[in-house]
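The values are calculated or read from the model by the stated rules, or taken from the named source; none is laboratory data. As the structure is a computational prediction, the values presented were derived from the model and not from experiment. Reconstructed Cβ throughout: ideal geometry from the backbone, glycine too, with neighbour counts over all protein chains shown. Surface areas here come from the heavy atoms of the whole protein model, side chains and all, with no ligands, DNA or RNA. Shrake-Rupley method; radii C 1.70, N 1.55, O 1.52, S 1.80 Å.
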Amino acid sequence: MSKRKQSEGCRPMLRRTFLFLTGIALARVAADYFAIAQNRDSFLTFAGQVWQKSLAFLSSIQSNQTPQPLPNNPIVKSGKTNQPLPSNPIVKAPESSPAAQPSQPQIIRRSAKQAKPVQLDRQNVAGASFYLTTIDLADPEIYITIGLANNAGFANTSKVTRGDEPFENMVSRYRAAVVANGTFFGKDEQKSVLGNMVAAGKFMKYSRWENYGTTLGIKAGNQLEMVTARTEGKPDWSQYWFSLTCGPRLVKGGKVWLSPLSEGFKDAGVLGVGSRTAIGFPASADKLFLVTFFDSLSLEAEAKVMQAMASRPASYGCFEAMNLDGGASVGLAHQGQILLPPGRNLTNVLVVYDRDNPAPAQLKQSWKRFQKGSRPSPNPSVFFD
C-alpha cells in the first residue's frame with residue numbers, strides 16, 4: 001500500500017479520535033459547571049427566557065394570520081333561563097374609543113365612606129344574558145380571595161392533591177357575598193389546577209415553569225394587572241396579593257384579543273361553544289366585573305360582551321378581560337343562595353366578601369401586611385420545582 005493511501009486511511013481515525021477527546025473534555029467542563037447550584041439556576045433561567053421569546057415570536061406570527069371562521073351560531077340558548085333571546089343574538093359592539101389607559105398604574109385606595117354590599121344583577125348585552133357581579137376595590141369591606149376544595153392549604157398539583165368538593169359545601173363554609181367557579185383543573189385523579197395561584201398574599205400553587213394562559217393579579221394599592229405569559233412575558237407573582245391564571249384572554253387594551261392557541265389552549269371545550277364565565281376590569285381599574293353567562297357562547301361572542309358590557313347607571317367597557325373555567329364547572333352563589341349550580345365538584349372557587357358578609361380577620365390582616373411591604377415567596381419544601 002502506498003504512503004499516500006495509508007495517510008488517507010488514517011485521517012478518519014484521527015478525526016474520530018479528536019472528536020471523542022473533545023467530547024470528553026466538554027463533558028468534564030459541563031459537569032464541573034453544573035455541579036454548582038447557582039450555575040444550574042442561571043442556565044435554566046436563560047433557557048426559559050429563550051423559550052419565552054421563541055413562543056412570543058411564534059405567537060406574533062400567528063396573530064398576523066387570518067383567523068379561522070367561528071361557529072355560525074355563537075350563542076346557544078340554555079335551560080338556565082326562561083327569558084327568550086333575540087333571533088339575532090350577536091350584535092356588533094358600537095365603534096367607540098375605550099377610555100385611555102393610564103400611563104401609570106392606578107392605585108385604588110379604600111374609601112372611608114360607608115361600605116356597600118357587592119352588587120349583583122342580571123343583564124343582557126349583545127344578545128347574551130348573564131349575572132354581573134361588580135367588585136368595587138375602593139370599598140373598605142370588599143375583599144376577594146380563592147377558596148380551595150376541602151379547605152386545603154395549597155392547590156392541587158401533579159404531585160399533591162386534596163381532590164374536589166361539592167359546590168354547596170364550599171358556599172356553606174366560606175359564608176361570602178359571592179362564590180363562583182375559578183380556574184381550570186384536570187380531569188384525572190390529581191385534578192391539578194392551571195397556573196400559579198396567590199391568595200391572601202400567599203402562594204397556593206407555584207412552579208417557575210408555568211407559562212400557560214393569562215393571569216389576573218392584584219398588586220399593592222389594589223393595582224390591577226392582566227398578563228398573557230407567552231406574548232408579554234411571565235408576570236412577577238411575588239408582587240401579587242391575589243392572582244389567578246386562566247384564559248384565554250378576551251380583551252386587551254379595550255379591543256377584542258383572541259389567540260387561544262398561542263396561550264396553550266387546545267381543548268375543544270375551550271375553543272368551541274360552551275357555558276362560560278369571565279372576569280375583567282375597566283380602564284379606570286377600580287372595579288372587577290365577574291360575568292356568569294346563562295347560555296353557551298363562542299369565545300368571540302364572550303369577548304364582544306366583555307368589551308361592550310354595560311353596568312348601570314354608568315356604562316363601562318372592559319379594558320382587560322379573560323375567560324374563566326366553564327362548562328360543567330360554571331357555578332354562582334350570592335349571599336349563601338346558589339343561583340347557578342355546577343354540574344360537577346370543584347377544586348377552587350372565587351370568594352368575595354363585603355359589608356354584610358365580612359371577610360375573616362386573618363384575610364384583612366394579610367391585606368394590611370401586604371400593603372406595608374410583605375410579599376409572597378414560594379416555600380421550597382412545598383413547591384418542589
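Observations on the structure shown:
- Here's the list of aspartates and glutamates a cross-link from Lys287 could span, going by alpha-carbon distance under 13 Å and ignoring same-chain residues fewer than 8 apart: Asp136, Asp139, Glu225, Glu320.
- Accessible heavy-atom area order of Phe293, Phe43, highest first, probe of 1.4 Å: Phe43, Phe293
- For Met204, the residues whose amide H sits under 5 Å from its own are Met197, Val198, Ala199, ignoring neighbours fewer than 5 places away on the same chain, with H placed 1.01 Å from N.
- Normalised per residue, the volume of the convex hull around the Cα set of segment 198-302 (Å³): 110
- Distance violations [Cα-Cα > 21 Å] among Lys202/Lys372; Lys219/Lys364; Lys234/Lys372; Lys116/Lys255; Lys159/Lys234; Lys159/Lys368: Lys234/Lys372; Lys116/Lys255; Lys159/Lys234; Lys159/Lys368
- For segment 232-363: accessible area per residue (Å², 1.4 Å): 31
- Applied to segment 133-143, the Karplus parametrisation 6.51 cos²θ - 1.76 cosθ + 1.60 on θ = phi - 60° returns per-residue 3J(HN,Hα) values of 9, 9, 9, 7, 6, 7, 5, x, 10, 9, 9 Hz, with x for Gly and Pro.
- If R0 is taken as 30 Å, the Cβ-Cβ distance between Gln190 and Arg375 corresponds to a FRET efficiency of 0.55.
- Rounded to the nearest 10 Å², the accessible area of Met226 at probe 1.4 Å: 10
- For peptides 337-343, 371-377, sequence by mean Cβ density within 10 Å, most packed first: 337-343, 371-377
- Other-chain or far-sequence residues with amide H under 5 Å of Leu332's (modelled H): Leu339, Leu340
- A cut-off under 14 angstrom between Cβ atoms defines the neighbours of Glu165, and their net charge, with Lys, Arg +1 and Asp, Glu -1, is +2.
- Here segment 286-385 is assigned +1 on the Cβ of each Lys and Arg and -1 on the Cβ of each Asp and Glu. Its dipole about the Cα centre then comes out at about 580 debye.
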